[in-house]
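One structure is given below, encoded as structure tokens.
What follows is calculated from the coordinates using simple rules that are stated; it is not laboratory data. All of these numbers come straight from a predicted model, not from anything done at the bench. We place every Cβ from the backbone using ideal geometry, glycine too, and count neighbours over all the protein chains shown.
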Amino acid sequence: YSFLISVSDDDDPMGTWYNWSLPAGLGDSLTGNLPDYPQMGYDSLAIYITTREFGATTFHSRVRIIEKTQLYNNDAGPVAWTDFWDLREPDHPLIVLDGIRPSIIYGSPGEHYMVNAAPYNPGTFFTVWKIHDPVGTPTITADNIPVVEYLSAPNAGQLGGGTPLETGGNAIRHKAVYRDSSLWMVHSIASGTGNAYSAVHYVRINPHTSTNLEDVAMGAEGYWHNYPALMADGDNNIVITYTRSGLTEYPGAFVAGHKDIDPPGLSPSILLAEGVGNYDVV
């Protein structure tokens, strides 16, 4: 198994590209594990690839750190990296984690952040990982930051019924975003009567002080919100995209947002692309 990385030699997307295939199933030696669900984050120093990895008798989370300047030399030379694997919940190290995500970092906080939701149901915290000195002698620390209690999102229904749609539970499925001492992340959680539906839940954390700054859920009775992704702009406004389906609605694409000058909260759902039929994989 390999990580495939492509880097352009300049800002012309139609120009020259350099490509690498890096072995992905590594530990102390070649493991043969299946690297699953890769996510790539970045900052001014490096790119960070997280995966969850499956073996015959093992399961663990990994991060690969690749210093960026070697990718920008325009010589297609060899690539060096540093791997950390078997990352575990910091307060209960017997718990193996699923769903650690890297970040998109704007600015230079001096460390890289990774995040994951609690590996428990209900969950009461998010974990923020800090990679110190990532392109020198990297080390990793982690803190559990309390958040409003949440339950794992159920699989989603839709107009016309059928097999419920897989929604990824309560795991964070998209990269976190860092700007101006704030780290934003989003996932889906259970909501509504009997927790039969699901909502978008975003959290804004100051990773330097381990402080929960904003903690907001947005949903509606009779609807499922799943696979959200978040971005923050230069004014710390955020937009969140997600799939929404409902008892009277096929799965479609939606967006909600929050202005930094407003009190914590999310706008109502805004339709991007309406669902046109019952989604069923045979």
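Odds and ends about this structure:
- Relative packing of peptides 118-131, 140-153 - highest average C-beta neighbours within 10 Å first: 118-131, 140-153
- Calculated P(r) of the range 135-188 - Cα pairs past 19 Å, %: 54
- For the range 168-185, the Karplus equation 6.51 cos²θ - 1.76 cosθ + 1.60, evaluated at θ = phi - 60°, returns couplings of x, x, 9, 5, 6, 9, 10, 4, 6, 10, 10, 8, 6, 6, 10, 10, 9, 8 Hz by residue, with Gly and Pro reported as x.
- Residues whose amide H lies under 5 Å from that of ALA196, counting only those 5 or more places away or on a different chain, are SER191; hydrogens are built 1.01 Å from N in the peptide plane.
- Lys, Arg +1 and Asp, Glu -1 on Cβ, resulting dipole of the range 1-111 about Cα centre, debye, nearest 20: 260
- Phi angles of the range 121-130 translate, via the Karplus equation with coefficients 6.51, -1.76, 1.60 and θ = phi - 60°, into HN-Hα couplings of 9, x, x, 10, 7, 10, 9, 10, 9, 10 Hz per residue; Gly and Pro are given as x.
- Taking only Cα atoms of the range 77-201, radius of gyration then Dmax in Å: 16.9, 57
- Scattering curve values for the range 83-146, log₁₀ I(q)/I(0), Debye with Cα scatterers, q = 0.13, 0.29 Å⁻¹: -0.36, -1.41
- Among 94-104, 266-276, the order from most to least packed when residues are scored by Cβ within 10 Å on average: 94-104, 266-276
- Between VAL148 and VAL281, the distance separating the two model label sites (each 7 Å from Cα on the Cα→Cβ line) works out to 3.2 nm.
- Note on LYS130: aspartates and glutamates with a C-alpha under 19 Å away, same-chain residues under 8 apart excluded, are ASP43, GLU67, ASP83, ASP86, GLU89, ASP91, ASP98, GLU111, ASP143, ASP180.
- P(r) of the range 157-219 over all Cα-Cα pairs, binned every 10 Å from zero, in whole percent: 20, 41, 25, 11, 3
- Gyration tensor (alpha-carbon) shape descriptor, the range 192-247, a/c threshold 1.5: oblate
- Summing Lys and Arg as +1 and Asp and Glu as -1 over all other residues whose Cβ lies under 13 Å from the Cβ of GLY222 gives a net charge of -1.
- Annotation: amide H-H contacts under 5 Å for ASP98 (H modelled 1.01 Å from N, sequence separation of 5 or more, or interchain): none.
- Environment charge of ILE100, counting only residues whose C-beta is closer than 15 Å and scoring Lys/Arg +1, Asp/Glu -1: +1
- Antiparallel bridge percentage (DSSP; both residues within the chain; nearest 5): 95
- Three-way shape label, the range 225-274, alpha-carbon gyration tensor, a/c 1.5: prolate
- Convex hull projection area averaged over all views, the chain, Cα basis, nm²: 16.9
- Nearest-20 debye value, the chain charge dipole, Cβ charges on Lys, Arg, Asp, Glu: 400
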